[in-house]
1. Consider all pairwise Cα distances in the chain and report the whole-number % of them above 19 Å.
2. What's the angle, to the nearest 10 degrees (0 to 90), between helix 22-49's Cα axis and the longest principal axis of the chain?
3. Cα axis of helix 55-85 to longest principal axis of the chain: angle in degrees, 0 to 90, nearest 10?
4. If I stretch the segment between residue 72 and residue 88 completely, what's the gain in nm (0.36 nm per residue apart, minus their alpha carbon distance), one decimal?
5. Which value in deg cm²/dmol, rounded to the nearest 500, describes the helix-derived mean residue ellipticity at 222 nm for the chain, given -39,500 (n - 2.57) per DSSP H run of n ≥ 4 and division by the residue count?
6. Measure nothing fancy, just the Cα-based angle from helix 2-18's long axis to the longest principal axis of the chain, in degrees from 0 to 90, nearest 10.
């Protein structure tokens, strides 16, 4: 897993330094962050599951990973929804003093 991570980082850095325009650099950084997030998070799930050398182990790790990912995105959605529901207007009685 470490060699895969090092390879992805090196390839990403190569593309990052080869890009000339700012929008290409921003997109490269976004892709690098997403790929690193998926690699690190999947390796964490695999460390909890154990053996992914068998088909059943790989299937179990994939199920656990995608359930965890669904929960993360669901929590972000709930957090965003609750933040939108808050009253963000200023308290005008305190400002007039």
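Taken together, the values in this text are just the output of simple stated rules run on the coordinates, not laboratory data. Everything numeric here is computed off the predicted structure, so don't read it as measured data.
1. Values: 2992 of 4656 pairs.
Here the tail beyond 19 Å accounts for 64 percent of pairs.
2. 70 degrees
3. 10 degrees
4. Details: separation 16, 0.36 × 16 = 5.76 nm, distance 2.54 nm.
Result for the pair: 3.2 nm of gain on full extension.
5. Numbers: 4 runs with 80 residues, N = 97.
About -28500 deg cm²/dmol.
6. With rounding to tens, the tilt is 60 degrees.
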